[in-house]
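So the structure is just underneath, and the comments pick up after that.
Here, each number is a calculation from the coordinates, and none is a lab measurement. Given the structure is predicted, the values throughout are model-derived calculations rather than measurements. Cβ coordinates were reconstructed from backbone atoms using ideal geometry, including for glycine residues, and neighbour counts include every protein chain displayed.
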């Protein structure tokens, strides 16, 4: 019991250290996935991301903010040692949140292209680029899944402030509106990316809404 208590304190201390420099919205030295900026469309940035690994969980609840908090906890435990080998995995940014895309047939089943009944959210941590699928520690929690994400082109709209459900929904609508004209068309459901913890000064927080895009055919009408 003492060992478990000490381990819990160690995990809490590690989490505090990881976020110590984020109170004013600055994550000094924290890795984020690399990308190439392809251009701007109506003030929206078009980025190209390469293949990435991520750890994710699905939280079944219609409450967007509660799902974000609930999903963060098992992912944080995973990177702070709840994995085979008890390895510490460096925290990265952003934390991603997207509508769950399918019913879960089993804990490790892939998802289909249909929103889960009753509402649900996928919360995702991107893994440090130094890892491969073979070298990344396996989670002890069966709810935590490791997924390989393919390279993709996305449209990104950045915003600041506290990202409540209404604020995120409004920014997603603005993102889709910005893509109504131009060379890129939305090709999926928008998601939200968060770069700072809740106690960061709102005016300094970095949040983004993101949607996968494909080149718009010359004859394709605007969205």
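Table for the structure above
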quantity: Extension gain, residue 30 back to residue 66 (0.36 nm per residue minus Cα-Cα distance, nm); calculated: 10.5 nm
quantity: FRET E, pair residue 170, residue 201, Förster distance 22 Å, beta-carbon r, rounded to 0.05; calculated: 0.60
quantity: Volume per residue that the Cα convex hull of the range 33-215 spans, once the total is divided by residue count, Å³; calculated: 118 Å³
quantity: Point-to-point label distance, residue 141-residue 217, nm (Cα→Cβ direction, 7 Å offset); calculated: 4.4 nm
